[in-house]
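J.: Take a look at this one; I'll ask things after.
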Amino acid sequence: MGRTRETDLSAEYTRDSTGDSKPAAATRHLGRITAAATATYPGLTIESAVRCRRRPANRTCTGFLLVRRQELPAEIQWGCPTCQDRGIIRNWRGTPWDVTRPGRPDEDEIEVVITEEAYRLLEGNPLLDPSSERIVSGGRRHRRGIVLSGEPEDLDLLLEDVMALANDEAHRGRQLLLDRAADRIEAALRRWRR
């Protein structure tokens, strides 16, 4: 087991954004971890949909990161249960990846499982509405794919976004993935409304 890496995300983002290029891959990865942790409720540890980037013995780690947001002190703890890589992210508030979800889970929250392939098409998509982005960022690993959860109004917005992306997608395979994800979201909303 290695040491715990500590990162100041605001300093990383500031350093990477001084030029005209987008943030470095490592900063974007830390940003995805931050979005996953801030999209869920404080104090909960979730198996996020964020893949581990470590390459032990020059082989890609197959793990998904566990993330947990803590309020006091404000930090995000993350770790890979497969390779034991781990870290702490501080000073994440106010960065582009802070999609903080306040409070506790709502009893009206709906869960829907989509395929990992469809999730990867939605992850980081700049055309998503902020509430849709928060739902996607908070995706959790499940044996059948990725679980997305949100309140009905937010899932309605996500459904609209996914259908729009599917309509604009030129590649037939990606369009089918998005159409199936939209069908699953729509079915979950229908079940909730009964």
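Taken together, the values in this text are just the output of simple stated rules run on the coordinates, not laboratory data. Because the structure is a prediction, the values reported are computed rather than measured. So basically every Cβ, Gly included, is an ideal-geometry build from the backbone, and we count neighbours across all protein chains shown.
J.: Which shape class applies to segment 5-90: rounded if a/c is under 1.5, otherwise prolate when a/b exceeds b/c and oblate if not, where a ≥ b ≥ c are the square roots of the Cα gyration tensor eigenvalues? Don't jump to the answer; show the numbers that get you there.
T.: Numbers: a/c = 1.95, a/b = 1.08, b/c = 1.80.
Judged from the Cα gyration tensor, segment 5-90 comes out oblate (a/c at least 1.5, b/c at or above a/b).
J.: Find, among the trypsin sites (Lys or Arg not before Pro) in segment 121-155, those assigned to loop by DSSP (not H, G, I, E, B) with at most 11 other beta-carbon atoms within 10 angstrom.
T.: Here the trypsin sites (Lys or Arg not before Pro) that fit, given the DSSP loop and packing criteria, are Arg143, Arg144.
J.: Please identify, among Ala35, Ala118, Ala49, the residue showing maximal mean-square fluctuation in a Gaussian network model of the chain using a 10 angstrom Cα cutoff.
T.: Residue with maximal mean-square fluctuation among Ala35, Ala118, Ala49: Ala118.
J.: Roughly what % of Cα-Cα distances in the chain sit above 28 Å, to the whole percent? Write down the numbers at each step before the final one.
T.: Working: 5017 of 18721 pairs.
When every Cα pair of the chain is considered, 27 percent fall beyond 28 Å.
J.: Report the relative contact order of segment 5-90, percent, no decimals, based on alpha-carbon pairs under 8 angstrom and at least 6 residues apart. Intermediate values should be presented prior to the final figure.
T.: Details: 138 pairs, mean separation 24.4, N = 86.
That works out to 28 percent.
J.: Continuing with the same structure: Mind ordering 56-65, 182-191, 78-87 by average Cβ neighbours within 10 Å, highest first?
T.: Details: 56-65: 14.2, 182-191: 16.0, 78-87: 18.3.
Going by the mean number of other Cβ atoms within 10 Å, highest first, we get 78-87, 182-191, 56-65.
J.: Restricting to DSSP H runs of at least four residues, report the calculated mean residue ellipticity at 222 nm for the chain, -39500 (n - 2.57) per run over all residues, nearest 500 deg cm²/dmol. Please report the intermediate quantities before stating the final value.
T.: On the way: 6 runs with 76 residues, N = 194.
Mean residue ellipticity at 222 nm (helix-derived): -12500 deg cm²/dmol.
J.: Starting from the Cα gyration tensor of segment 110-193, take the square roots of the eigenvalues, sort them a ≥ b ≥ c, and report rounded, prolate or oblate (rounded when a/c is under 1.5, otherwise prolate if a/b is larger than b/c, else oblate).
T.: Details: a/c = 1.34, a/b = 1.26, b/c = 1.06.
Rounded.
J.: Just name one of Ser137, Ser149, Gln77: the one whose Cα is farthest towards the positive end of the charge dipole of the chain (beta-carbon charges, Lys/Arg +1, Asp/Glu -1).
T.: Gln77
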